[in-house]
Amino acid sequence: MFTPTEEQQMLIDMMGKFAEKEIAPNILQWEEEGKFARHIFDKLGELGFCGMTITEEYGGGGLGYMTYAMVLEEGAIKTGGGLGFLPLHLAAATPIEAFGTKEQKEKYLTKMTAGKALGAFALTEPNAGSDAAAIMTSAVLRGDRYVLNGAKSFITNAGEAELYLVMAKTDKDKGANGISSFIVEKDAPGFIVGQKEKKMGLNYISTRGLTFEECEVPLANRVGEENKGFLSAMYALDGSRIGVAASATGISQAALNAAVSYAKQRYAFGQPIANFQIIQFMLADMETETVASRMLAYRAASMKDEGKKIAAAAAMAKRYATDTAMRVTTNAVQILGGYGYMKEYTVERYMREAKLLQIVEGTSQIQGLVVARELLK
Amino acid sequence: MNIIVCLKQVPDTESQIKIGSDKKSIVTDDIKWVMNPYDEFGVEEALRMKEKFGGTVTVVGVGPKRVTETIRTALAMGADKGVLVNDDALNGSDSIAIAKALAAAIRPLEYDVIFTGQRGVDDDMGVVGAALAEFLGIPQLSLIIKIEVAEDGKSVKATRPVEGQALIIEAPLPVLITAQKGLNEPRYASLPGIMKAKKKPLEEKTLADLGLNAGEFGSAARKVKVLEITPPPERGGGKIVTGETPQEKAAELAKLLHEEAKVI
């Protein structure tokens, strides 16, 4: 089931090779230095991977979400969170493709697909995360420009990105139906990037807050209709949840691979620990849940490619795959014991990275809510 | 400038190699197949030459249907067309027979430069390049890490590393060059390259198509026969040198190196 086509296999192999050679050997050092490897984004841009799911008309790869999921999963198998900047870059690009004007696509989208401009998706605020409709950043139209005021927090790629897709209230009395989205360039007047956050993991990806102080954005940079920005945010998140589910599946697979090879080599009481049934059952559960994650991620992806509504499918895939990644990586650390806790053995990094995936792009709890809402409507 | 690159599909060096029950072959069931890394240097160099001088890059492979994957990889990197010589009678052929099949496939093509890897990383024979040059009656420059094409486009100057020195050799075109590690850093196939690869021409030919006699190929026709494949010997345990002081340990180590290992 879901056997890759010849082309999909070539894309998977290419990403696997790239990730293994260019990212994996350096990632621990980048993490320790808190360094974002911009050259990796640049290189992936040259190779046509920065706009994988965007139409070829604007320089994208024109790939379906199924292929996208397979490629991201392979990247995660080889590097854990090493490609973590990419789904968020695409989350900023996708609404521009879907709802933007021709001018916006020509001016911004083509740069994003070519890897000439890194994107960031700015929705979360200090007091509004899961409850996205409660955002406070405001945008007021004055003549031919909007003036933005407010703050965003935990924005992936912030500080490194050239383009920010920012959600702000254009009608503060209206909740979700009062939100619009805007393309903000990094040097827009009144746009301030905050300090780099120190995180539990993924320190090779920049996370910062943003502040808007009378920040001026041209009217032409509003993406989609006024007060319809929530729609574009949710649209981006559906696709991006598939990406997170696929990445989580890859992290589970990577941790499982490490646990299996360790269990076969590590001797205790005169035999490999893989001979012990308690280890076998742990591995069997890890494998089963990893495969189930993959199936849910691929299911959501193929439904998206078929043009079906995927809110629930993407939500359950994201929730199951990331919760699984947390369990599988935790158990991988357990199986590797003391070695598992050491940075040299990588599984501890996977464990720290899995935790983030349960939180970003809608927490596991919010995903549960989305699934239940569909079920009970 | 028209360039031909010969490709061999080999097991990924990370594959776990298991010896078959006949002790003369390996179990191929779970093997991941990849392009021979030395051939990849050839593909990259051919693409660079094409970028500089124009022309076409044709990749030629010999082997079963799965070799098309390797040919497609080269097409995705930027080669223009592919030829696969696929015939059941080829199974079990030795290097000379493979070179003969390659020569027959290449002869009708136009070429200025032919690349092969300096050797395949599977059986490490290193014969095909030389044999192919011989069959085609052209000069061969082996183990090359640098190539310069003369301004008039009629000859090449190539560098071969020799014991820490560099030997610079020259040959008129057409020429066969075997690629050595260090020649270049092969590119990754780009996403558009991969999507275009399927639309590029890939011809498949049998021995009969090439006017070859099937009896000269396969296991029975081997000039070099594999008698047995054995795994490398298992590594023996290490020895910990004991002693109270560094001086004692050094003395003990020297004694062991002299009397047991017999290296000093």
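Expressed per residue, the C-alpha convex hull volume of the range B:10-128 stands at 110 Å³. About its Cα centre, the dipole of chain B is roughly 460 debye, where the only charges are +1 on Lys and Arg Cβ and -1 on Asp and Glu Cβ.
Proximity of backbone amide H atoms, modeled 1.01 Å from N, is registered between B:VAL34 and B:VAL10, B:ASP12 at under 5 Å, excluding neighbours fewer than 5 places apart on the same chain.
For the range A:210-225, the Karplus equation 6.51 cos²θ - 1.76 cosθ + 1.60, evaluated at θ = phi - 60°, returns couplings of 10, 10, 10, 10, 6, 6, 9, 10, x, 3, 5, 9, 6, 9, x, 6 Hz by residue, with Gly and Pro reported as x. Here the range B:225-240 is scanned for amide nitrogen atoms under 13 Å from the site 7 Å beyond the Cα of B:LEU256 along Cα-to-Cβ, giving B:237-240. Heavy atoms of chains B and A lose about 1500 Å² of accessible surface on contact, summed over both sides with a 1.4 Å probe. Projecting the Cα positions of B:ALA46, B:THR13, B:ALA221 onto the charge dipole of the protein assembly as shown (unit charges on Cβ atoms of Lys, Arg, Asp and Glu, taken about the Cα centre) puts B:THR13 furthest along the positive direction. The H on the amide N of A:LEU210, modeled in the peptide plane, is under 5 Å from the matching H of A:LYS152, A:SER153, A:GLY194, each at least 5 residues off or on a different chain. Using a cut-off of 23 Å between Cα atoms, the listed pairs B:LYS50/B:LYS157; B:LYS50/B:LYS200; B:LYS100/B:LYS181; A:LYS116/B:LYS50; A:LYS152/A:LYS199; B:LYS23/B:LYS225 include B:LYS100/B:LYS181; A:LYS116/B:LYS50 as exceeding that distance. Helix A:229-265 and the longest principal axis of the C-alpha atoms of chain A enclose an angle of approximately 20°. Round to the nearest 10 and give me the degree value, 0 to 90, for the angle of helix A:6-18's Cα axis relative to the longest principal axis of chain A. The helix A:6-18 is inclined about 80 degrees to chain A. Hey, with R₀ at 25 Å, roughly what FRET efficiency would A:ALA284 and B:SER15 work out to, going by the Cβ-Cβ distance, to 0.05? Once the sixth-power term is evaluated, E becomes 0.50. Computed about its Cα centre, the charge dipole of the range B:136-194 is approximately 160 debye, with only Lys, Arg, Asp and Glu carrying charge at their Cβ. Rounded to the nearest 20, the size of the Cβ-charge dipole of chain A about its Cα centre is 640 debye, with Lys and Arg at +1 and Asp and Glu at -1. Applying a DSSP loop filter and a limit of 14 other Cβ atoms within 10 Å to the GluC sites (Glu not before Pro) in the range B:141-237 leaves B:GLU151, B:GLU163, B:GLU228, B:GLU234.
Once neighbouring chains are kept in place and the probe is 1.4 Å, which whole percent of the accessible area of the protein assembly as shown is contributed by carbon and sulfur? Here carbon and sulfur together make up 53 percent of the probe-accessible area. Per-residue 3J(HN,Hα) values for the range A:342-347, derived from phi via the Karplus relation 6.51 cos²θ - 1.76 cosθ + 1.60 with θ = phi - 60°, read 8, 4, 4, 9, 6, 5 Hz in sequence order (x marks Gly and Pro).
The eigenvalues of the Cα gyration tensor, multiplied by 5 and square-rooted, give the protein assembly as shown an equivalent ellipsoid with semi-axes of 50, 33, 24 Å from largest to smallest.
At full extension, A:LYS377 and A:ASN227 could sit 51.5 nm farther apart than now, given 0.36 nm per residue minus the alpha carbon distance. Could you tell me which trypsin sites (Lys or Arg not before Pro) in the range A:224-327 are loop residues by DSSP with no more than 14 other beta carbons within 10 angstrom of their beta carbon? Answer by residue number: A:LYS308, A:LYS309. Estimated from the Cβ-Cβ distance and a Förster radius of 35 angstrom, the FRET efficiency linking B:LYS52 and A:THR5 is about 0.55. A full extension of the chain between B:VAL162 and B:GLN247 corresponds to an added length of 26.5 nm, given 0.36 nm per residue minus the alpha carbon distance. For the range B:253-260, putting each phi into the Karplus relation 6.51 cos²θ - 1.76 cosθ + 1.60 with θ = phi - 60° gives couplings of 4, 4, 5, 5, 5, 7, 8, 8 Hz, in residue order, rounded to whole numbers and with x for Gly and Pro.
Where both residues lie in the range B:2-221, what percent of DSSP beta bridges are antiparallel, nearest 5? Expressed as a percentage, antiparallel bridges in the range B:2-221 total about 40.
A:LEU47 contributes an accessible area of around 10 Å² to the protein surface, as traced by a 1.4 Å probe with all chains present. Taking the alpha carbon gyration tensor of the range A:1-69, multiplying each eigenvalue by 5 and rooting it gives semi-axes of 25, 16, 9 Å, largest first. Taking all protein chains as they are arranged and a probe of 1.4 Å, the heavy atoms of B:THR242 leave approximately 100 Å² accessible to solvent. Taking the helices alone, chain B has a mean residue ellipticity at 222 nm of -8000 deg cm²/dmol, built from -39,500 (n - 2.57) per DSSP H run of at least 4 residues and averaged over all its residues. Treating chain A as a set of equal point scatterers at the Cα positions, no solvent, please give the Debye-formula log₁₀ I(q)/I(0) at q = 0.10, 0.11 Å⁻¹. Calculated log10 I(q)/I(0) at the listed q: -0.61, -0.73. Grouping the Cα pair distances of the range A:231-375 into 5 Å bins from zero gives a pair-distance distribution of 2, 11, 19, 20, 16, 11, 9, 6, 4, 2, 1, 0, 0 percent in increasing distance order.
Accessible surface for A:MET295 stands near 60 Å², nearest 10, in the context of the full protein assembly shown (1.4 Å probe). Each of B:ASP88, B:ASP39 has its accessible area taken with a 1.4 Å probe; listed largest first, they run B:ASP88, B:ASP39.
The mean number of partner chain beta-carbon atoms within 10 angstrom of a residue's beta-carbon across peptide A:2-15 is 4.
In deg cm²/dmol and to the nearest 500, what is the mean residue ellipticity at 222 nm of chain A if only DSSP H runs of at least 4 residues count, each as -39500 (n - 2.57), divided by the residue total? Only helices count here, giving -16000 deg cm²/dmol. The mean count of C-beta atoms from other chains within 10 Å of the C-beta of residues in B:65-74, rounded to a whole number, is 1. Under the classification rounded if a/c is under 1.5, otherwise prolate if a/b is larger than b/c and oblate if not, where does the range A:6-113 fall, given a ≥ b ≥ c as square roots of the Cα gyration tensor eigenvalues? Judged from the Cα gyration tensor, the range A:6-113 comes out oblate (a/c at least 1.5, b/c at or above a/b). Averaged over its residues, the protein assembly as shown has an accessible area of 48 Å² per residue, based on protein heavy atoms and a 1.4 Å probe. When chain B is treated as a GNM with alpha-carbon contacts under 10 Å, the residue of B:ALA103, B:ALA150, B:ALA197 showing the greatest mean-square fluctuation is B:ALA150. Measuring spread by the Cα atoms of chain B yields a radius of gyration and Dmax of 22.4, 76 Å. Most fluctuating residue of B:VAL34, B:VAL241, B:VAL43 in a GNM of chain B with Cα springs under 10 Å: which is it? It is B:VAL241.
Sorting B:ILE240, A:ILE366 by solvent-accessible area of protein heavy atoms yields B:ILE240, A:ILE366, largest first, with a 1.4 Å probe.
The values are calculated or read from the model by the stated rules, or taken from the named source; none is laboratory data. All values reported here derive from a predicted model rather than from experimental measurement. Methodologically, a virtual Cβ is constructed for each residue, glycine included, from the backbone with ideal geometry; neighbour enumeration extends over all protein chains shown. The protein model used for the area step is the full one, side chains on, heavy atoms only, and it has no ligands, DNA or RNA in it. Shrake-Rupley method; radii C 1.70, N 1.55, O 1.52, S 1.80 Å.
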